[in-house]
1. Using 0.36 nm per residue of separation minus the Cα-Cα distance, give me the extension gain between LEU44 and ARG29 in nm, one decimal.
2. Counting only helical runs of four or more DSSP H residues, what would the 222 nm mean residue ellipticity of the chain come to if each run contributes -39,500 (n - 2.57) and the total is spread over all its residues?
3. Would you work out which of SER60, ALA109, SER45 lies farthest towards the positive end of the dipole of the stretch 2-143, given +1 charges on the beta-carbon of Lys and Arg and -1 on that of Asp and Glu, about the Cα centre?
4. For every other residue with a beta carbon closer than 13 angstrom to the beta carbon of GLN27, add +1 if it is Lys or Arg and -1 if Asp or Glu, then tell me the sum.
5. Could you give the Stokes-Einstein D for the stretch 1-56 in µm² per second, using the C-alpha Kirkwood radius, 4 °C, 1.567 mPa s?
6. Hey, got the dipole for the stretch 2-143? About the Cα centre, +1 on K and R Cβ, -1 on D and E Cβ, debye to the nearest 20?
7. Normalised radius of gyration for the stretch 71-145, please: alpha carbon Rg relative to 2.2 N^0.38 Å, two decimal places.
8. According to the Kirkwood expression over distinct Cα-Cα pairs, how big is the hydrodynamic radius of the stretch 58-103, in Å?
Amino acid sequence: MLVRIEGSHLPGRESGLGHRDIHVAVQRRERPAELLGPHPGDALSAEWELEVTATPVEGSWDLRGPYVQGRPGGRFVYLSWGTVDEREAFTMFRRAKLCFDAVAPGTLAAAVEGGLLVGRLGLTDTHGNPLCAAVRPPLIDWSTS
């Protein structure tokens, strides 16, 4: 199954937190320095596609894959925010946790059947900084298209 994350309203390359040349990427499980698809903080949008395996578990689904974090029943994807220096080194300063346990059961079942789960979210918090912490609806909209 494919999970597509569509981010909009990025916060810019600088934040009120004192960070410069901000980027956002998906963090790989057990390899925090391995990032999927870094996007600059001033991009118009950001999108990532993750291959996941859906396994039936007690009337629901467990999603696993190289970019899926957490234990069964509490799986999630990290969007890592960091700065990029002149050597292109990424230094993480905060993360957003996109929680799969917040996907409505019917939506998740339809996504498994159709092969696509889409999460749409704005990537700027209410203070104009990069979005962080646990992200659940209404901050993210999970759908099958």
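None of the figures in this text is laboratory data; all of them are computed from the coordinates on show. Keep in mind it's a predicted model, so treat the numbers as computed, not measured. Every residue, glycine as well, gets a Cβ built from its backbone with ideal geometry; the counts of neighbours run over all protein chains shown.
1. Numbers: separation 15, 0.36 × 15 = 5.40 nm, distance 2.68 nm.
Using 0.36 nm per residue and subtracting the Cα-Cα distance, I get 2.7 nm.
2. Values: 1 runs with 10 residues, N = 145.
Result for the chain: -2000 deg cm²/dmol, rounded to the nearest 500.
3. Farthest along the dipole direction, towards plus: SER60.
4. Cβ neighbours under 13 Å give a net charge of +4.
5. Working: Rh = 12.7 Å.
Roughly 102 µm²/s, to the nearest whole number.
6. Values: 15 positive and 18 negative charges, 71 e Å.
My answer is approximately 340 debye.
7. Working: Rg = 14.6 Å, N = 75, 2.2 N^0.38 = 11.3 Å.
It is 1.29.
8. Values: mean 1/r = 0.0814 Å⁻¹.
After inverting the pairwise mean of 1/r, the radius is 12.3 Å.
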